[in-house]
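Below is one structure, written out as structure tokens; comments come after it.
The values are calculated or read from the model by the stated rules, or taken from the named source; none is laboratory data. All of these numbers come straight from a predicted model, not from anything done at the bench. When we count neighbours, we look across all protein chains shown, and the Cβ atoms used for this are built from the backbone with ideal geometry, even at glycine.
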Amino acid sequence: MKSFHPTTHSRRHMEMVEFKKTLTASEPYKPLTGGRQRHVGRNRFGRITTRHKGGGVKRLWRAIDFRYDKRDMPARVISLEYDPNRTSFIALIQYRDGERRYVLAPQGIAVGGEVLTSENAPLEAGNRVPLKKVPVGVMVYNIELELGHGAVLVRSAGVGATVLAQEGAFTNVALPSREVRRVHAENWACIGLLSNPEQGLMHIGKAGRSRRMGIRPSVRGSAMNPVDHPHGGGEGRTLIGRRRGPATPWGKPARGVKTRGPKKRSSKYILQGRKK
């Protein structure tokens, strides 16, 4: 982690990941970059569905390969780079036929190393194998839920899922949220943990940096008037003071309330719910 001299009040506690010691000093690979419209918390109708998002610095999009459809062909790591669109670092790899792709970089990988997607690939960081080939206790990331549809689980910085058991056609996996889930053993996953584990230790330090990240201000409900929020009102600093517990600005239950639909088809694959 990199800290700063306390030249201002905001700099005093600011901390960020020191990228220069880890990443390759190079520009992104232009054929795999492009523009992408950010919806900043709005759905396809333009209505705000996630509050406190908006603005921010323009970001160059990197096309990440989550399908890993080049099988049995080794690839060499050319560079390790920063991606503003995700928390983990990314690696530019080049296959033996000359094609280059971006993938999520695991911990322990370095420039010049090799990665392989194969059923018989060794259990080394960055290699991709079917879950049925992974021994119990090994950490994995980039897990598929449907064969051939690409990785959708465990893609954040510093995380990994643990293989708990092999039961017939399914593999039991403990996700970072502590949810235990059954995944088809034929689905593919990468070996190891994702890079940039210090990402969660960053201290933004000042409001301006938060705005450049696309995070808009939020106001506590208890600081509002009763007409504006169910938590508002009272003399001085008060507690929530509701018999039915915390609520959203529209009166719906909040904080710890289950939001998963009871009739969701994938519920039969969940052996243990995530941490509440």
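If you go through the range 1-12 and keep only what is among the polar types (S, T, N, Q) and either within 21 Å of Thr87 (Cβ to Cβ) or surrounded by 13 or more Cβ atoms within 10 Å (Cβ to Cβ) (or both), you end up with Ser3, Ser10. Out of the residues in the range 24-40 meeting the condition of being polar (S, T, N, Q) and closer than 28 Å to Lys53 by Cβ, tell me which one is modelled with the lowest pLDDT. Looking at the filtered set, the residue picked out is Gln37.
Select from the range 245-276 the residues that are in a loop (DSSP other than H, G, I, E, B) and in contact with a strand residue (DSSP E or B) (Cβ under 7 Å, 6 or more places away or on another chain) and write down the one among them that is farthest from Thr49 (Cα to Cα). This residue is Gly245. Taking the numbered list (1) surrounded by 15 or more Cβ atoms within 10 Å (Cβ to Cβ); (2) at pLDDT 95 or above; (3) more than 30 Å from Lys252 (Cβ to Cβ) in turn, Ala165 passes all entries but (1). Considering only residues in the range 58-70 that are part of a loop (DSSP other than H, G, I, E, B) and in contact with a Ser or Thr (Cβ under 7 Å, 6 or more places away or on another chain), the one that is surrounded by the fewest Cβ atoms within 10 Å (Cβ to Cβ) turns out to be Leu60. If the condition is being touching a residue at least 24 places away in the same chain (Cβ under 8 Å) and surrounded by 14 or more Cβ atoms within 10 Å (Cβ to Cβ), then the range 214-246 contributes Gly214, Ile215, Arg216, Gly221. Based on this model, can you work out whether Gly158 counts as on the phi > 0 side of the Ramachandran plot, surrounded by 13 or more Cβ atoms within 10 Å (Cβ to Cβ) and either assigned to a loop (DSSP other than H, G, I, E, B) or modelled with pLDDT of 95 or more (or both)? For Gly158, the condition - on the phi > 0 side of the Ramachandran plot, surrounded by 13 or more Cβ atoms within 10 Å (Cβ to Cβ) and either assigned to a loop (DSSP other than H, G, I, E, B) or modelled with pLDDT of 95 or more (or both) - is met.
Going residue by residue through the range 126-143, is there one that turns out to be assigned to a loop (DSSP other than H, G, I, E, B), under 25 Å from Glu81 (Cβ atoms) and at pLDDT below 95? Yes, the range 126-143 has at least one match. For the range 193-229, the set of residues classified as small (Gly, Ala, Ser) and either more than 15 Å from Gly241 (Cα to Cα) or touching a helix residue (DSSP H, G or I) at 6+ places or on another chain (Cβ under 8 Å) (or both) consists of Ser195, Gly200, Gly205, Ala207, Gly208, Ser210, Gly214, Ser218, listed by residue number. Checking each residue in the range 1-57 for being within 15 Å of Lys206 (Cβ to Cβ) and assigned to a strand (DSSP E or B) picks out Ser3, Glu15, Met16. Would you point out the residue of the range 13-41, among those that are without any contact (Cβ under 8 Å) to a residue 24 or more places away in the chain and either of a type in the set (A, V, I, L, M) or more than 22 Å from Pro197 (Cβ to Cβ) (or both), that is surrounded by the fewest Cβ atoms within 10 Å (Cβ to Cβ)? Residue satisfying both the conditions and the ranking: Gln37. Considering every residue within the range 97-120, establish whether at least one is hydroxyl-bearing (Ser, Thr, Tyr) and assigned to a loop (DSSP other than H, G, I, E, B). Yes, that holds for at least one residue.
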